[in-house]
1. Evaluate 2.2 N^0.38 Å with N set to the residue count of the stretch 295-382, then give the Cα radius of gyration divided by it.
2. Given the convex hull of the Cα atoms of the stretch 45-110, what is a quarter of its surface area in nm²?
3. Residue-wise, which Karplus ³J(HN,Hα) couplings in Hz belong to the stretch 213-223, taking 6.51 cos²θ - 1.76 cosθ + 1.60, θ = phi - 60°, and x for glycine or proline?
4. Give, to the nearest whole percent, the P(r) tail of the stretch 112-248 beyond 17 angstrom, counting all Cα pairs.
5. Averaged per residue, what accessible surface does the stretch 193-247 expose to a 1.4 Å probe, in Å²?
6. Name the most mobile residue of G246, G177, G155, meaning the one with the largest mean-square fluctuation, in a Gaussian network model of the chain with Cα contacts below 10 Å.
7. Would you mind computing, in nm to one decimal, how far apart the modelled labels at E258 and A154 are, each placed 7 Å from Cα along Cα→Cβ?
8. For the chain, list log₁₀ I(q)/I(0) at each q in 0.12, 0.14 Å⁻¹, using the Debye formula over Cα point scatterers of equal strength and ignoring solvent, two decimals each.
Amino acid sequence: MKKILAFALMLTAAVVLAACDSRPVLRILNWGEYINDAVVDRFEEEFGYRVIVDVADSNEAFYSKIKSGTTAYDIVIPSDYMIEKMQEENMLIELDYSLLPNRDNVTYMSGVDQIFDSMTATTLTRTSESVDFTKYAVPYFWGTFGIIYNNRIAGLETALETHGWGAYFDPSKAPAGVRRGMYDVPQFAYAAAMLYLDQNVNAFSQSLLDQAEDAIDQANFVEWGDDSLKRNVEAGNLDMALVYTGDYLDRLYIQLDEGKTLSEVQAEFNIYVPEDTFVFADMMVIPNTSKNVDRAHEFINFMLDPENVALNAEVVGYAAALVEAYDLIMENLTSDDEWYKNWALANQTYYNKNAVLSVAPLTALNPSDIDKINTMIDNVRS
């Protein structure tokens, strides 16, 4: 009873404090665990705003929340293919670059530029309209997809390095009894199967859908999840799974916090990023429901400051979108602080800015094709 009363008093106090906070509000819709609280504090202190961050757990949730218009978000941070869809449905406000002076002083990572180019190309192919997505979106984080694996399983690392996607989908090309997991987004599963079949991740036909179904079925995934995948591989309860590369780094940073070295963590669990993988970029956009467009621009401009981007990256395991921020992170390679040194080394290892990428971001497939993919995945899972 005392605990319940104490909680009620704390909740009441929080509500009262929020009600008494007269600062202007900036409302952001973001992914979970995807912003450093220190960055929010710095922005609030500099601009005098109160930042409210709500969470969506999928791109489809971002879309539905904005489409409904129930909450007037000022900034939304969905992924590339959903930004294509939102732009095509006139859900986004074109950015005013006169309010984003920091953009003139920074350079996007080459992978980000390639993603923008690919978004324009795929939209042009699909709609016969050339769209410059830099007019609507500013990169927040970007990254690759890879296969997180349990390195305590003898021969698994060698199998992945030898067979790539084959070791993930074909049980005969990996050690016996390996337990596989798949990210619980049907389009991700389909895209991974396309890479295994040596096809374009955005290609679709009934024949390809049937082949993808066979590939996913033979893999015999024992778990379909999201954040649970990285945790279960880390704990040894799962042996490999398709995840964002940043999912691995998220767990790596936690292990570094606990005093382990990069090599010690890699010996237990690691991630293999095939040369022919698919990539993503989550980007800041202003939905047409925003009631604070100028404030939204101030936040985006704030997040075009390399120091703020690097600070944000300290707790988020994805790749900085700015070359200047990446270079700030690399300065820590000579740090006396072991955590920062290992953090920089991890970024250099998994997000080397000089690496040549086979960039293949997902695109917004036709709704009827997405429905067929969803149905196929439901059939396999059942």
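The values are calculated or read from the model by the stated rules, or taken from the named source; none is laboratory data. Nothing here was measured: the structure is a model prediction, and the numbers come from that model. No Cβ is skipped: glycine too gets one built from the backbone with ideal geometry, and neighbour counts run over all protein chains shown. For the accessible areas, the whole protein counts, side chains as well, though only heavy atoms, and no ligand, DNA or RNA atoms are used. Shrake-Rupley method; radii C 1.70, N 1.55, O 1.52, S 1.80 Å.
1. Values: Rg = 18.9 Å, N = 88, 2.2 N^0.38 = 12.1 Å.
Output field value: 1.57.
2. 6.4
3. In residue order, the calculated couplings are 4, 4, 5, 5, 5, 5, 5, 6, 5, 8, 8 Hz.
4. Counting pairs separated by more than 17 Å, the tail of P(r) holds 64 percent.
5. Per-residue accessible area for the stretch 193-247 comes out at 39 Å².
6. Comparing G246, G177, G155 in the GNM, the peak value goes to G177.
7. Each label point lies 7 Å from its Cα, and together they span 2.6 nm.
8. Once normalised to I(0) and log-transformed, intensities are -0.99, -1.29.
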